[in-house]
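Peer 1: Below is the structure I would like to discuss, written out as structure tokens.
Rule-based calculations on the coordinates, nothing more; no lab input. Here the structure is a predicted model, which means the values were calculated and not measured. Backbone-built Cβ (ideal geometry, glycine too); neighbour counts: all protein chains shown.
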Amino acid sequence: MSEHFKRDCFEILTRRAAAGEIDRRSFVKAAALLLSVPMAMRAKMAFAADQLVVANWGGDAIDAFQKAFGEPFTKATGIAVRIDGSGPTEGAIKAQITSGKIIWDVVDADANLGIAFGKEGVLEALDYNTIDRAKIRKGYDYEFGTPGYFFSYVLAYDSAKFSDEAPTSPADFWNVEKFPGKRTMYKWMNGMLEAALLADGVKPEELYPLDIDRALAKIEALKPHIISFWGSGAESQQLLTEGEAAMGYIWNTRAILLGRDTDDQIKWGYDGGFLNSSTWITPKGNPAGRDNAMRFIATSQDAQSQVMLFDLLGNGPANPEADALIPDDRKALNCVSPEAEAKQVTLNAEWYADNYSAALEKFLALVSK
């Protein structure tokens, strides 16, 4: 189906919705077939609250979120949950907010967006009478968002190419003499600026505020050895499995899969990794109502649900009570275990909230050269 035809289909769909010819459930179901259509078009219509719509990043996460979070919420409340996997990018969220036609009730957003949009007054403040602060890791009970899970950017490498000594740090990643071979890095910057600065000698406790120009200069020096800046998890996985990259900074969830699928030829660890959190946010005017959104977030805190998401995708639990429920043979995979957290740098969401757009513009200008 061509992009232009998809756009036309969406225009017809939104017109039918505006005319009351289809209900919200039918609209969202049809929209799922047209996920690549820009959200600015999809956000033209608001609906009555006959279900709760959760936006996430698609793929396996659609079924995983439904099993871990959606089904328990429906069982507890009787309210159906629809997972919209089209990807809640900053632009997609802005399009709904700007138009005033909100179609998402709870959004799996980047942590910095929860802070930035919260300052703009377009998000619902969290109801901590409903949401349990005791089930949130210390320091993450923000006013307008709270984690649904955690994840990391980790250094993965092909052990067949480094049999004597393994790269385990940003300094190793930049050391092309000792560890030759092509590299891959994340296209959207998070964690990569930090890696560059650590490789350039900055101490972890002195990283923030990030020296963007210094980080970019370090990355530019490495560019001849970077085969690709990956934009999707599948792409990062393919670069390593097909041998195009000898090492790369990738998501821990993909690293877990790589280790399993290659009989541990692709190795990785949390040493020199970068820990980040997702954030549940609720746009003001969400169709299902603020109270139902808060109830969903509270339900998602359940330790068993958090462990289920870890089992399905490898995401670190947002509720610290869940750590003890992870089987002993899988505890080392948990990115927020005390052992793993001690090895990593935690990304500063406040810095990203204030500097993300300007820093990303410079970063993309460099990587696209």
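Peer 1: Please compute the contact order of the chain in relative form: average sequence separation of alpha-carbon pairs under 8 Å and at least six residues apart, divided by the residue count, as a percent.
Peer 2: Relative contact order of the chain: 23 percent.
Peer 1: On to the next question. Can you give the charge dipole size of the range 91-201 about its Cα centre, rounded to the nearest 20 debye, using +1 on the beta carbon of Lys and Arg and -1 on the beta carbon of Asp and Glu?
Peer 2: On the way: 12 positive and 16 negative charges, 40 e Å.
Roughly 200 debye for the range 91-201.
Peer 1: Next up: Tell me what the chain gives for mean residue ellipticity at 222 nm when only DSSP H runs of n ≥ 4 count, each as -39,500 (n - 2.57), the sum divided by the residue total, rounded to 500 deg cm²/dmol. Intermediate results must be reported in sequence, preceding the final value.
Peer 2: Numbers: 16 runs with 149 residues, N = 369.
Helix-only estimate at 222 nm: -11500 deg cm²/dmol.
Peer 1: OK, next. What length, rounded to one decimal in nm, is gained on full extension from ASP328 through to ASP164, with 0.36 nm per residue of separation minus their alpha-carbon distance?
Peer 2: 56.1 nm
Peer 1: Taking amide H atoms as placed 1.01 Å from N in the peptide plane, list the residues 5 or more away in sequence, or in a different chain, whose amide H sits under 5 Å from that of GLY145.
Peer 2: The answer is LEU126.
Peer 1: What is the local net charge at GLY201, summed over the other residues whose Cβ is closer than 11 Å to its Cβ (Lys, Arg +1; Asp, Glu -1)? Numbers along the way, then the final one.
Peer 2: Numbers: positive: LYS203, ARG214, LYS218; negative: ASP200, GLU206.
Surrounding charge for GLY201 is +1.
Peer 1: Could you name the lysines whose alpha carbon sits less than 16 Å from that of LYS178, not counting residues in the same chain fewer than 8 places away?
Peer 2: Reachable lysines: LYS161.
Peer 1: Any idea how far the Cα center of the range 101-159 sits from the one of the range 327-369, in Å?
Peer 2: Cα centroid to Cα centroid, the span is 14 Å.
Peer 1: Can you give the local net charge around PRO170? Use residues other than it whose beta-carbon is closer than 11 angstrom to its beta-carbon, Lys and Arg +1, Asp and Glu -1.
Peer 2: On the way: positive: LYS218; negative: ASP172, GLU194, ASP200, ASP271.
Net charge in that neighbourhood comes out at -3.
Peer 1: Lys and Arg at +1, Asp and Glu at -1: add these up for the other residues within a Cβ distance under 13 Å of ILE212 and post the number. The partial results should precede the final answer.
Peer 2: Working: positive: ARG214, LYS218, LYS362; negative: GLU194, ASP200, ASP211, ASP213, GLU220, ASP354, GLU361.
With Lys, Arg at +1 and Asp, Glu at -1, the neighbours total -4.
Peer 1: With N set to the residue count of the range 221-369, report its C-alpha Rg divided by 2.2 N^0.38 Å to two decimal places.
Peer 2: On the way: Rg = 18.1 Å, N = 149, 2.2 N^0.38 = 14.7 Å.
With N residues counted in the range 221-369, Rg over 2.2 N^0.38 Å equals 1.23.
Peer 1: Here's another thing I want to ask about it. Can you check what the Kirkwood hydrodynamic radius comes to for the chain, Cα pairs only, in Å to one decimal? Spell out each step's value before the answer.
Peer 2: Working: mean 1/r = 0.0465 Å⁻¹.
Taking the inverse mean of 1/r over all distinct Cα pairs, the chain comes out at 21.5 Å.
Peer 1: In debye to the nearest 20, how big a dipole does the range 144-255 give about its Cα centre with +1 on each Lys and Arg Cβ and -1 on each Asp and Glu Cβ? All intermediate terms of the calculation are to be shown ahead of the outcome.
Peer 2: Numbers: 10 positive and 15 negative charges, 43 e Å.
With Lys and Arg at +1 and Asp and Glu at -1, about 200 debye.
Peer 1: So who's got an amide H within less than 5 Å of the one on ILE226, skipping anything under 5 residues away but keeping other chains? H placed 1.01 Å off N, in plane.
Peer 2: Those qualifying (amide H under 5 Å, at least 5 residues apart or on another chain) are ARG183.
Peer 1: Would you please give the residues with an amide H less than 5 Å from that of LEU123, counting only those at least 5 places away or on a separate chain, with H modeled from the backbone geometry?
Peer 2: LYS284
Peer 1: Out of all DSSP beta bridges in the chain, what portion is antiparallel? Express it as a percent rounded to 5. Please list the in-between numbers first.
Peer 2: Numbers: 21 of 35 bridges.
Bridges in the chain are about 60 percent antiparallel.
Peer 1: Report the full-extension gain for the segment ALA76 to ALA134: residue separation times 0.36 nm, less the Cα-Cα distance, to one decimal in nm. Could you put the intermediate results ahead of the total?
Peer 2: Values: separation 58, 0.36 × 58 = 20.88 nm, distance 2.06 nm.
Residue separation times 0.36 nm, minus the Cα-Cα distance, leaves 18.8 nm.
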